[in-house]
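Heads up, the thing below is written out as structure tokens.
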């Protein structure tokens, strides 16, 4: 049963914590942090903390009640996906500066295969500029970083291009890295993989953590886990151990195992032992998997957040056994939020629902281009960005501006489309008040040149997407937690609007590191004790 597995995971977390004792370097001020910890929760909406607060008893509770909590924090860019969101956390720069504009244009890299195979290659080759890891290394070359996640992009992008210790989960049931970082895995990672934790879950179940009466959500609603009969608790892992390992990332225990790997690495690498300041980045991905399948208002998301709370509690307690708690600072945030299923929201709120059909919107344009002799279309669509090959169009004696205008007009007529903007006019809009224009401007690097950007209407979805989704410039996708915790920060709730790009400069101010380039974020000095 899942309950027994959970207890085993906790035991492993605490066992890992006993492998070292706190270390304080001679001659270093006790107030200087030796470990900066970034906790990223994939697809964690900011409202989850308040919504589930009465039932939070451990890690999330500790951060939410004892930290500097910014209740009005956002990602201030338009394509709210995992890759762009993670790229800004420790960079202090919007995707316009990091160069990471979408998941598909994020870390995939066939030239950097996984060590040991088992999945697609990945690297930070598209990432531009530096991160806190680089700033710390410039201050003290002994500074190191460890970044782990279920997802490659969740592990890679917080630390940018630095060739540090970066590991993620492969579909074959191992944590690994790519040849961008190393040709072989460290022995401590091999030892961890040899425990075959994901394989041990074959036939196990994910049951409710609390009594059923503790959950107000119905156990099953229309639209969740589309195409599958697995819509009610308990949710069973595949009986076959290899299949269980392959699908392990869909279940809460993935987060517990990710935390265990991080602790193993802290001990093996002596991370945070000083005298330099090191970085630990841990991205927990299961909330995203559960949220997509069951939606943000589901019983499954409720239980996942409660379990994450317990996992984080064990993780933080274990870190404090490994290292002096007075030398550790934390930030918790998320890469994006999520919208409910459009039809489900419409039923609950008695409003119309909308789904955007991109193929239908582009249909007349494609027909016209085919008639003009194009076998390879001179247009491309990528997460709301429309790219046009003007040179190819003009070689066919067509007017490129007319084609762009026709595309814009066709998209604007589509059901569920809020607006279509030409990129060159974004800066001419009131980006102080126009959140959509500002977030698109923050999204696109100067040398990435879409002609148009399309924004779907609030709470609309795409016709081709059957899961709960995200990726828009709207606040339900942009609003995420930002919490700082540790001896450097003032406990309290802060309601001013801040951005995720403010995390890196705030960390830098505490550890005395200087950004090595212009950044977009600012120091959130109101949360600092000094």
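Throughout, read-outs are computed from the coordinates displayed, never taken from laboratory work. If you're wondering where the values come from, they're calculated on a predicted model, not measured in any experiment. Positions of Cβ are generated from backbone atoms using ideal geometry, with glycine treated the same way; all protein chains shown enter the neighbour counts.
Here the spin labels are modelled as points 7 Å beyond Cα on the Cα-Cβ line, and at residue 163 and residue 465 they lie 3.7 nm apart. Which of the three applies to the range 254-303, rounded, prolate or oblate, going by the alpha-carbon gyration tensor with a ≥ b ≥ c and a/c under 1.5 meaning rounded? Note, shape of the range 254-303 comes out prolate.
Comparing Cα centroids, the range 155-194 and the range 55-101 end up 23 angstrom apart.
Computed over the chain, the per-residue total of -39500 (n - 2.57) for DSSP H runs of n ≥ 4 gives a 222 nm mean residue ellipticity of -10000 deg cm²/dmol, rounded to 500. Averaging the Cα positions of each part gives two centres, and for the range 485-511 and the range 300-315 these lie 23 Å apart.
Kirkwood radius and radius of gyration were both taken over the C-alpha atoms of the range 344-464, and their ratio Rg/Rh is 1.01. For residue 402 and residue 72, the FRET efficiency from 1/(1 + (r/R0)^6), where r spans their Cβ atoms and R0 equals 51 Å, is about 0.75. Separation of the range 227-279 from the range 384-462 is 39 Å, based on Cα centroids. Quick one: go through the range 264-296 and flag any residue whose amide nitrogen is under 13 Å from the point 7 Å out along the Cα-to-Cβ line of residue 195. Within reach of a label on residue 195: 264-268. Can you tell me how the chain classifies by the Cα gyration tensor, rounded, prolate or oblate, using a/c under 1.5 as the rounded cut? It is prolate, given that a/c is not under 1.5 and a/b is the larger ratio.
Counting other Cβ atoms within 10 Å as a rough exposure proxy, the listed residues 514, 270 run 514, 270 from fewest neighbours to most.
The length gained by stretching the chain between residue 371 and residue 348 to full extension, at 0.36 nm per residue less their Cα-Cα distance, is 3.8 nm. For the chain, the relative contact order works out to 29 percent when only alpha carbon pairs closer than 8 Å and six or more residues apart are counted.
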